[in-house]
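Inspection log for the structure reproduced underneath, given as structure tokens.
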DNA sequence: CGCGTAATTGACTTTTGTCAAGGCCGGTGG
DNA sequence: CCACCGGCCTTGACAAAAGTCAATTACGCG
């Protein structure tokens, strides 16, 4: 079931059959199902394990005292939700399901065993964690410096490319199971403005969005007008220098503390 | 010279004398000086080591094709700049000095030696890295959901509290060696608007800002009107359960990959 | 003292938000 | 099969927040 995670990690480095089986194994132990709009974990809770999204979409979010909500990141299949495992006493944000979600709960010990036995996986999980941080930085840029239209365009480019990296696109189309309110909460725009921006993008032929189906006829153009530079996703097999050797024996710190 | 780093790490857990000496040691090997506005490392460069700020302020930033710049985070003494060491082929952003800066360059191997010998330090460095990520998330919220005034107020609260955590405040005052343009680049506001917001905050007695000296007469009030919740900085000795024991021998993954 | 950077101010424009009403559409129950 | 319901999308009119431009002032530093 964790095809997407494996596929994503292989954007960074090549994994052996044993590596893949080990990932498959930890991801198949303990599952959980949630309905749309349910919280996977809430601000203030203690996070006990890492959640791997197997199916569906989720998001990290925070709600302010004045009631406004910011979506901090989106999670799609193959994403790991909270690597803070056991360092922080409690979550400083919530994670909620957008669609119905199926996830695997991976304990800290399972992860430690996995990484001790599979240094290549360790490297790949490090890469995954650092890409997550890079995405967060890019969101800061998005919210701070781009216009409404650029923000939405940028977000759609990012989501499309991330989905493509895990095999969840179909040509130039993908599912986009989020409401316009969600898009607004992620981009810092009102739902009304999101609506208008989407119409503009549609009118210019830059997107086709009908129901939950998104089509980007010309990704390059959308990227250009959205000031989207794909570098921050680091999808270009940066760990490929490891491909030649057998199991990597270089010292590799473990991406799970304690 | 790395008093601030040590002091900061002790916000999380208690360190032994040997832990502190080991940190002192790696931070004293190789230093570097930069003038204000010089780049410590630039987008596209290969990052070879972790930079520890010993003195001065720096910032992470990105420049878009249209010339606009977003400051993604501020670094003050005691902060570690780029833990991406050697996973990514190249930096996806730049780090620049705001004031003249003195920093320590810590190689990956030094860090690995340090963490292998000092599990408590490993834990603390994990905590530091996760706090950095939490700060980045909070910036996303700041840019997405707060008004100009709240954004500036929030940023000032954060900086003041971070400085206080490393002993760089003096009562209710601290140095704020950034221009209004910098504040704008960090909060997504124009310099003109930053100026007006600062005047409002001054007029309401919420800050005193003269030259590079910032005073916050009533931090609690400023926090309240800025929707600032300190939790995300995780300064409350969350690792204090480790205090009692001697050197911690629990498995601790290393916060430096490869 | 003079230069250059940074801060300030005013007038005006643009972007985005708010409010409120109406339309679409899929699902459900009679 | 159809009417109704609720969530989501769409639209218009207006308001508020923030940006831009341009000129002026303050201030630190050599």
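The table below gives the values:
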| read-out | value |
| --- | --- |
| Condition broken by residue B:112, with the remaining ones in (1) more than 8 Å from chain A (Cβ to nearest Cβ); (2) farther than 30 Å from residue B:229 by Cβ satisfied | (1) |
| Index of the failed condition, residue A:173 passing every other in (1) touching a strand residue (DSSP E or B) at 6+ places or on another chain (Cβ under 8 Å); (2) over 23 Å from residue A:63 (Cβ atoms); (3) touching a residue at least 12 places away in the same chain (Cβ under 8 Å); (4) within 16 Å of DNA strand C (Cβ to nearest atom) | (4) |
| Residue in region B:177-193 that is touching a helix residue (DSSP H, G or I) at 6+ places or on another chain (Cβ under 7 Å) and away from DNA strand C (no atom under 16 Å from the Cβ) present | no |
| Single condition residue A:147 does not satisfy, out of (1) over 19 Å from residue A:226 (Cβ atoms); (2) free of Cβ contacts under 8 Å to residues at least 60 places away in the same chain; (3) within 16 Å of DNA strand C (Cβ to nearest atom) | (1) |
| Residue satisfying all of: in region B:117-127; surrounded by fewer than 24 Cβ atoms within 10 Å (Cβ to Cβ) and facing chain A (nearest Cβ under 10 Å); farthest from residue B:240 (Cα to Cα) among these | B:119 |
| Members of region B:140-149 found to be part of a helix (DSSP H, G or I), more than 13 Å from residue A:92 (Cβ to Cβ) and within 9 Å of chain A (Cβ to nearest Cβ), listed by number | B:142, B:143, B:144, B:145 |
| Subset of region B:94-109 (residues that are surrounded by 20 or more Cβ atoms within 10 Å (Cβ to Cβ) and over 16 Å from the mean Cα position of the chain (by Cα)) | B:106 |
| Wholly enclosed strands (runs of 3 or more DSSP E) of region A:4-82 bearing at least 3 residues at pLDDT 95 or above, under 28 Å from residue A:191 (Cα atoms) and within 14 Å of chain B (Cβ to nearest Cβ) | A:58-63, A:69-75 |
| Strands (runs of 3 or more DSSP E) lying entirely in region A:157-258 (those with 1 or more residues that are more than 12 Å from DNA strand D (Cβ to nearest atom) and more than 10 Å from every other protein chain (Cβ to nearest Cβ)) | A:173-175, A:213-215 |
| Among residues of region A:16-26, those that are under 22 Å from residue A:236 (Cβ atoms) and surrounded by fewer than 20 Cβ atoms within 10 Å (Cβ to Cβ), counted | 2 |
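The values are calculated or read from the model by the stated rules, or taken from the named source; none is laboratory data. All figures in this text were calculated on a predicted structure; none of them were measured in a lab. All Cβ positions, even for glycine, are placed from backbone atoms using ideal geometry, and neighbour counts span all protein chains on display.
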